[in-house]
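The values are calculated or read from the model by the stated rules, or taken from the named source; none is laboratory data. Note that the coordinates shown come from a computational prediction; the quantities given were computed from them, not determined experimentally. Cβ: placed from backbone, ideal geometry, glycine included. Neighbour counts: every protein chain shown.
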Amino acid sequence: MAKAQAKAKVKEAGKDNNYANGLIVKALSGYYYVRAEGEARNSITVQCRARGVFKKRGLTPLVGDRVKFSLTENGEGTVEELLPRSSELIRPAVVNVDLAILVFSVTEPVLNLQLLDKFLVHIEHAGIPAILCLSKQDLENDGGDTEEAAIAVSSVNRIYRRLGYEVYGTSSRKSSGIQELKERLNGHLAVFAGQSGVGKSSLLNAIVPGLTLETNEISNRLGRGKHTTRHVELIDIDGAYVADTPGFSQLDFGELGIEDLGYCFVEMRQLSPDCKFRGCTHVHEPGCAVRAAVESGDIDQSRYDHYLLFLTEMKDIKRRY
Ligand code: GDP
Ligand code: ZN
């Protein structure tokens, strides 16, 4: 779109108060790149500075922020106001994420339910709805370890669908399940989470025609597996935005209180009002509804085992400080 046209559109959008609504899609070197609300895909973004008043108030505009902005004389803009945030992720720093796609491959690397639960704890703690994606489904039938893959698929379906998590199956290699996942993302600001090598970049490349995110083969060869200093950018996938870096890159329990852990397991959160004691940790308290449910098979044993394991891990961390 021509610059003048964009300018007219921004003016139009903000004619009530001279400010337009926009979304910060990138932040770099003190500049914020703002996409005016309702702008078409691939249209230009306005390069903005933030008003000095933010700094004074200790506020930092972040990628994902919905803002009010104005245009300045030189064709750039000014971020005037930050609208309230619905969620905040710290590493990577991106706000207003409202959907996490937790990716696990059926094999290569082998499905690790403990790691899956750890990711879920962090996602639940951030208050972001999660869906599961079982990637590399082509390896279920040929190549790879087919038996391992079949076990992975059946345990995820058995345990996690029952908890209410949606499960999507995809293969970037065979282009299957991609359209369904893309439709599910519609209207959201999403992050893809999951361990390295499960196929997150490949999935994004498959979802967004023309996108060429570096996949792991290349980055490993160049010895750049970790992108620690990279900036976050939102990718416009025609109806949704996706952060181009994996969410939840740090999985330590440093910011989580021991009393919060039960809340991050959805089935324990639902049952804990039935425990005899308020603040029950579901370990040895009498009249614990969670332990009763584990015994009756209503709560999956592996989920409870991981809960106990994380609890121990957290106690160890607290003891060290
Ligand atoms: P990321 O680290 O999660 O972003 O994973 P990548 O997208 O970089 O993929 C890691 C490796 O898995 C690469 O070698 C990909 O070619 C491979 N891979 C990704 N998706 C698929 C898939 O659907 N099927 C198969 N067989 N391999 C895949
Ligand atoms: Zn309990």
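For the stretch 65-79, the criterion of a residue being crowded, with 20+ Cβ neighbours inside 10 Å and not in a strand (DSSP E or B) is satisfied by at least one position.
Hey, any hits in the stretch 256-269 for a residue that's assigned to a loop (DSSP other than H, G, I, E, B), surrounded by fewer than 14 Cβ atoms within 10 Å (Cβ to Cβ), under 24 Å from the mean Cα position of the chain (by Cα) and away from ligand 2 (no atom under 16 Å from the Cβ)? Lay out the reasoning, then the answer.
Within the stretch 256-269, the first condition is being assigned to a loop (DSSP other than H, G, I, E, B), and the residues that meet it are 256-257, 265.
With surrounded by fewer than 14 Cβ atoms within 10 Å (Cβ to Cβ) added as a condition, the list becomes 257.
Among the residues that remain, those that are also under 24 Å from the mean Cα position of the chain (by Cα) are: 257.
Next cut, away from ligand 2 (no atom under 16 Å from the Cβ) only: 257.
Among the residues of the stretch 256-269, at least one is assigned to a loop (DSSP other than H, G, I, E, B), surrounded by fewer than 14 Cβ atoms within 10 Å (Cβ to Cβ), under 24 Å from the mean Cα position of the chain (by Cα) and away from ligand 2 (no atom under 16 Å from the Cβ), which makes the answer yes.
Residue 214: near ligand 1 (Cβ under 8 Å from one of its atoms), modelled with pLDDT under 95 and touching a helix residue (DSSP H, G or I) at 6+ places or on another chain (Cβ under 9 Å), yes or no? Answer is yes for this residue.
Name the single residue that is nearest to ligand 2 (Cβ to nearest atom) among those in the stretch 64-111 being of a type in the set (S, T, N, Q) and touching a helix residue (DSSP H, G or I) at 6+ places or on another chain (Cβ under 9 Å). Before you say what the answer is, go through the steps one by one.
At the first step, the residues of the stretch 64-111 found to be of a type in the set (S, T, N, Q) are 70, 72, 74, 78, 86-87, 96, 105, 107.
Checking the rest, the ones that are also touching a helix residue (DSSP H, G or I) at 6+ places or on another chain (Cβ under 9 Å) come to 70, 105, 107.
Working: 70: 53, 105: 34, 107: 36 Å.
Here the residue is 105.
Selection within the stretch 284-298: residues that are hydrophobic (A, V, I, L, M, F, W, C) and near ligand 2 (Cβ under 8 Å from one of its atoms). The member of this set that is nearest to residue 123 (Cα to Cα) is 290.
One line per residue, one yes/no per condition, for (1) among the polar types (S, T, N, Q); (2) closer than 28 Å to residue 250 by Cα; (3) within 16 Å of ligand 1 (Cβ to nearest atom):
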{"position": "60", "(1), (2), (3)": "yes, yes, no"}
{"position": "70", "(1), (2), (3)": "yes, no, no"}
{"position": "75", "(1), (2), (3)": "no, no, no"}
{"position": "89", "(1), (2), (3)": "no, yes, no"}
{"position": "92", "(1), (2), (3)": "no, yes, yes"}
{"position": "102", "(1), (2), (3)": "no, yes, yes"}
{"position": "108", "(1), (2), (3)": "no, yes, yes"}
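Only one entry of 128, 123, 178 meets the criterion of being out of contact with any helix residue (DSSP H, G or I) (no Cβ under 9 Å at 6 or more places or on another chain) and touching a residue at least 24 places away in the same chain (Cβ under 8 Å), and that entry is 128.
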